[in-house]
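Shown next, in structure tokens, is the structure this report addresses.
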Amino acid sequence: MAKRTKKAVLQRKQPAGSGRFASPLLQGREQDIALLDHLLDRIDQGGSTLVISGEPGIGKSALLNVAQHRFYQRGFCVLSMTGVLAEVHLPFAALEQALRPLMKRTTGLVPRQRTALQAAFGMHSESEAPDIFLVALATLSLLTQSAVHEPILLVADDAQWLDHATFDVLAFIARRLSADPVLLLVAMRDDFNRSLGDASTLRLRLSGLDDGDAERLLDTYAPGLSPSLRSRFLKEASGNPLALLELPRSERASDALDKPWLPLTERLELAFSNRLSDLPDKARTLLFVAAENDETSLHEILRAGEKLLGEPVRVDALSSAVAAKLIEIDGMDVRFRHPLVRSAIHQACDLATRQNIHAALAATVSDQLDRQLWHRAAATIGPDDELAGDYDRMASRALQRGAVAMAIEILETAARLSNTAKAKSDRLLWAAELAADLGQPELLDSLLRLADVDESDQLAAARIGWCREISQPPTVNDPAKIPALVGLAAQAQAAGANDLAGNLLWRAAQRCWWSNASSELRTAVLAAANKLVLPETDARLIAISAYAEPLQLGADIFKKLQRLSRTSGIDPSIARILGSTANVIGAFDLGVSFLTGSAAALRDQGRLSDLARVLFTQASAEMEVGDWMGAMREAEESARLAEETGGPLWIAAATIVKAKLSGMLGNPERSEAYAAQAERLLLPLGASFLLAILQIARGVSAIGAGRHWEAYAHLRRLFVPADPAFNSGIQFFALADFVEAATFSGNAETARGVIEEIERVSGSTRVPWVETMLHYGKALLAAPDEAERFFLQGLGPAAKNWPFLRGRFLLAYGAWLRRQRRSADARAPLREARDLFDALGASPWSARAREELRASGESSRRRTENVWETLTPQELHVAQLAVEGLSNKEIGAKLYLSHKTIAYHLHRIFEKTGVTSRSGLRPILAGITVP
């Protein structure tokens, strides 16, 4: 490892607790310790995450203590956090504890990350709450930038008791440490139901000691036991080191054989609580205070103890508890020897005593508002309107820090403190709306059951309906939900909640598009929308029309979108709606412009779940306007972010884009692999609109491979009502492909029927993309004396917005001219088609254009691969940002990766392209053009 100057290194302290109580608990753990040494030895190759799991007392904390000591001795900066059940209500509490030594280095973060991290720790008031992923990125950046000076070990013990926000941050950084000298060690109980890391994460489950090690440990620390007692303790401990140490120490030999069997955790808790009876009253009271406190401060425990006991209390009052090995005092902190000790003492404390303790602690921490309020609530039985109001404001503060899950818990407490049923209901509804935004339907149902809303309250009923709607997966084919949403919108509007009414009707319109709603349902949605008291330019009103009748109303919507596209400063959330609306009607050129701005804003805000969806939509639009490398880049990132944020629907959606692009680029095997992956995700979800888009991808790939019968079979599914891929709102997306597949597979009459139906529904004025596809279909089907008219109409100015479609038009036109014995006339459109396909990388169509040119009497050179085509989509993205002049730190901030990961990608890029600097990339990337 390279030497580091003293200037750059933090003032390091010996990690608290390293080495303490470790030796007996680690007997027989030589292999596990060897794994830590292996991680230590390979730190120069990059970081990693190790998750240690096991039952209570198995030795997880002891192993972490050894790791902290060894890594500290090797020059690591050791940062640690410990989950404590009493602190789980404090958002980012554990994270702030761990990062405190690094906070002076936040000046090196990009401003938005620095502000987000400070807001999360309550050090900065943001007008907009930071997204959890932005806080996570700031944490990652702080760790990796600090690791430039010295390697870092971040330890998280008892992760099952970390506050939600801290755990989410750890889950984020655990997936991104491979390129940096940062190690993350996490210990959690076996029964914890949240996962951390990915397939590359190292996992170590600690099991019980084998018989020989268990016997040696028991004989060393409890010698002289009778054979029957020794056998009893060995059997009940089942190899658990803590049990082997504590059960003999806490149970009288005469009682042990007569005790009924208890689960091991309960038996250990009982063993610890039994020691309380031997302590003086003052020490016992102080232990009760320590168990209920949400901090480890010795000062707080002593001052609260004084309030309870009514007399001065000195630190020596705790000496008997230290001697009983229940706690340890480390400077000004009191720590329980094991979490089970704290749990045992908490359970031994009666309710009245607990309330008095919380009241004393509330008075002690009067300068820390949120902690004081929490202790006040814990000391309160029955309603307290003033305290409930304070809790409302605490929930708002939690939201400002980006801690949504914590805000929900705070509102639940506020509801418990409410003096009236209406106040309780309102608070639980607020919490339910937050749970719906988080996508937690089970929590939502629990909150709504508690709310007990008055059935006559129309607005509350509409709010509940909206919560249930947005908390569920959105694409289930269930048209029956549409009338209910229309009814709820009417209730909301009657109560004066026009904004909520607009949201409900937009969702109803989306369901029309997702689930093949009948014309009657679509008409009902549009009629209700016409009654909304909203501005005509409201994005939701435009979207409702598009999702309900994309073909019939497409031309009018297109004009509105055109006008809005010329407006500067559109809010990113509005741009997102407008972008998806443009895609729905086939105005992909407008969609790209709206969605690019929306994606940039979501990236800055750290809203990665929403970003994954927008990137899929953006990729779909870029694919149609000819930016295939951009589309693959967006699709790759969308899938990565969707996997991280738990969105299988959007993983599938992005994978479909990759399937279609792979087919168009001439790799049908890869295309089908992507398609099969997407299909496995989609079939359980019943997402017909994505199944329809999937069949289009398969159809295009088959056309590229020259298998028109297969393409027709795939695309025909969109028009068969009984098929899972049937979707009337998306059928026109497949128009050009379906007509081509039908024409060259002997199904021309079916194609004519589809064209007639689309013309009938779309009326006399259409979106340019739809108009161009209609011309293409008619040209392929027309008699020889009529075909050229359709070819020329379709190759008008509008076709230039759709390079792939235009290329196919030119190829078909050139081939038709050659068949009409007009070879000289055929060469110009065929040359242009070849050049378009070459620019796109559409190799199957490039090859056909060359074949037609040869048949017309003109030869063509073979297409040569561009250097940039050897890069992966993510490498290309990094290269493009580097050429724009962004530093590694700035690129990492945009892509939610560490700067070391960016450096690794640049190294790979330089190897592939043969250049040695960023400036050398500019001429290589200059060859990337959108035809």
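The values are calculated or read from the model by the stated rules, or taken from the named source; none is laboratory data. Quick caveat, the model's predicted, so the values are computed rather than measured. Here Cβ is always computed from backbone atoms with ideal geometry, including for glycine, and neighbour counts include all displayed protein chains. What goes into the accessible areas is simple: the full protein's heavy atoms, side chains included, and nothing from ligands, DNA or RNA. Shrake-Rupley method; radii C 1.70, N 1.55, O 1.52, S 1.80 Å.
Scanning region 906-924 for residues that are over 15 Å from GLU869 (Cα atoms) and within 31 Å of the chain's Cα centre (by Cα) yields LEU906, HIS907. Where helices (runs of 4 or more DSSP H) sit wholly within region 823-931, those with at least 2 residues that are of a type in the set (Val, Ile, Thr) occupy 873-883, 899-913. Taken over region 639-664, the residue count meeting the criterion of being open to solvent by less than 10 Å² (accessible area, probe 1.4 Å) and under 21 Å from PHE733 (Cα atoms) is 11.
If the condition is being charged (D, E, K, R), crowded, with 16+ Cβ neighbours inside 10 Å and under 30 Å from SER846 (Cα atoms), then region 863-907 contributes ARG863, GLU875.
Restricting region 397-425 to residues that are part of a helix (DSSP H, G or I), open to solvent by 50 Å² or more (accessible area, probe 1.4 Å) and of a type outside the set (D, E, K, R), which is nearest to GLN355 (Cα to Cα)? Checking each candidate, the answer is ALA421.
Looking at LEU244, is it surrounded by 21 or more Cβ atoms within 10 Å (Cβ to Cβ) and at pLDDT 80 or above?
Yes: the conditions hold for LEU244.
Among the residues in region 667-678, are any in contact with a Gly (Cβ under 7 Å, 6 or more places away or on another chain) and either closer than 25 Å to GLY729 by Cβ or of a type in the set (Phe, Trp, Tyr) (or both)? Scanning region 667-678, I find at least one residue that is in contact with a Gly (Cβ under 7 Å, 6 or more places away or on another chain) and either closer than 25 Å to GLY729 by Cβ or of a type in the set (Phe, Trp, Tyr) (or both), so the answer is yes. Taking region 397-431 as the range and being aliphatic (A, V, I, L, M), touching an Asp or Glu at 6+ places or on another chain (Cβ under 9 Å) and farther than 23 Å from ASP131 by Cβ as the test, the residues that pass are ALA414, ALA415, LEU417, ALA421, ALA423, LEU428. One residue stands out in region 718-727 among those that are over 17 Å from ALA675 (Cβ atoms) and of a type in the set (A, V, I, L, M): the one that is least open to solvent (accessible area, probe 1.4 Å), namely VAL720.
Taking region 131-149 as the range and being open to solvent by 10 Å² or more (accessible area, probe 1.4 Å) and touching a strand residue (DSSP E or B) at 6+ places or on another chain (Cβ under 9 Å) as the test, only HIS149 passes.
For beta carbons closer than 7 Å, sequence separation of 6+ or different chains, a first residue in region 621-632 that is more than 11 Å from ASN801 (Cα to Cα) and among the aromatic types (Phe, Trp, Tyr) and a second that is open to solvent by less than 10 Å² (accessible area, probe 1.4 Å) and modelled with pLDDT of 95 or more, the qualifying pairs are TRP628/LEU661. Does any residue of region 535-554 turn out to be β-branched (Val, Ile, Thr), more than 18 Å from TRP466 (Cα to Cα) and open to solvent by 10 Å² or more (accessible area, probe 1.4 Å)? The answer is yes; a qualifying residue exists.
If only residues of region 775-800 that are surrounded by 19 or more Cβ atoms within 10 Å (Cβ to Cβ) and either outside any helix (DSSP H, G or I) or under 40 Å from the mean Cα position of the chain (by Cα) (or both) are counted, the one that is modelled with the lowest pLDDT is ALA799.
Confirm whether LEU373 is touching a Leu at 6+ places or on another chain (Cβ under 9 Å) and either outside any strand (DSSP E or B) or free of Cβ contacts under 8 Å to residues at least 40 places away in the same chain (or both).
So LEU373 passes the test.
Would it be correct to say that LEU564 is open to solvent by less than 20 Å² (accessible area, probe 1.4 Å), modelled with pLDDT under 95 and either under 22 Å from TRP769 (Cβ atoms) or in a loop (DSSP other than H, G, I, E, B) (or both)? No; evaluated as a whole, the condition is false for this residue.
The condition of being in a helix (DSSP H, G or I) and touching a Ser or Thr at 6+ places or on another chain (Cβ under 8 Å) holds for only one of LEU526, LEU505, LEU500, LEU521, that being LEU526.
Can you find, within region 524-534, the residue that is nearest to ILE570 (Cα to Cα) among those that are open to solvent by 30 Å² or more (accessible area, probe 1.4 Å) and at pLDDT 95 or above? Checking each candidate, the answer is LEU526.
Exactly one residue among GLN368, GLN400, GLN355 is without any contact (Cβ under 8 Å) to a residue 24 or more places away in the chain and not aliphatic (A, V, I, L, M), and that residue is GLN368.
Taken over region 665-717, the residue count meeting the criterion of being open to solvent by less than 40 Å² (accessible area, probe 1.4 Å) and assigned to a loop (DSSP other than H, G, I, E, B) is 3.
Would you tally the residues in region 728-747 being among the hydrophobic types (A, V, I, L, M, F, W, C) and open to solvent by 30 Å² or more (accessible area, probe 1.4 Å)?
Number of matching residues: 2.
One residue alone among ASP437, ASP454 is open to solvent by 60 Å² or more (accessible area, probe 1.4 Å) and under 18 Å from the mean Cα position of the chain (by Cα), and that residue is ASP437. Looking at THR82, is it within 24 Å of LEU369 (Cα to Cα), β-branched (Val, Ile, Thr) and in contact with a helix residue (DSSP H, G or I) (Cβ under 8 Å, 6 or more places away or on another chain)? Considered against the rule, which asks whether it is within 24 Å of LEU369 (Cα to Cα), β-branched (Val, Ile, Thr) and in contact with a helix residue (DSSP H, G or I) (Cβ under 8 Å, 6 or more places away or on another chain), THR82 comes out as yes. None of LEU665, LEU683, LEU661, LEU690 is modelled with pLDDT of 90 or more, aliphatic (A, V, I, L, M) and closer than 21 Å to ASP478 by Cβ except LEU690.
Between ARG232, ARG216, the distinction of being open to solvent by 20 Å² or more (accessible area, probe 1.4 Å), assigned to a helix (DSSP H, G or I) and modelled with pLDDT of 85 or more belongs to ARG216 only. Total residues in region 54-85 satisfying the condition of being of a type in the set (Ser, Thr, Tyr), in a helix (DSSP H, G or I) and surrounded by fewer than 24 Cβ atoms within 10 Å (Cβ to Cβ): the figure is 1.
One residue stands out in region 364-389 among those that are out of contact with any helix residue (DSSP H, G or I) (no Cβ under 6 Å at 6 or more places or on another chain) and of a type in the set (Gly, Ala, Ser): the one that is least open to solvent (accessible area, probe 1.4 Å), namely GLY389.
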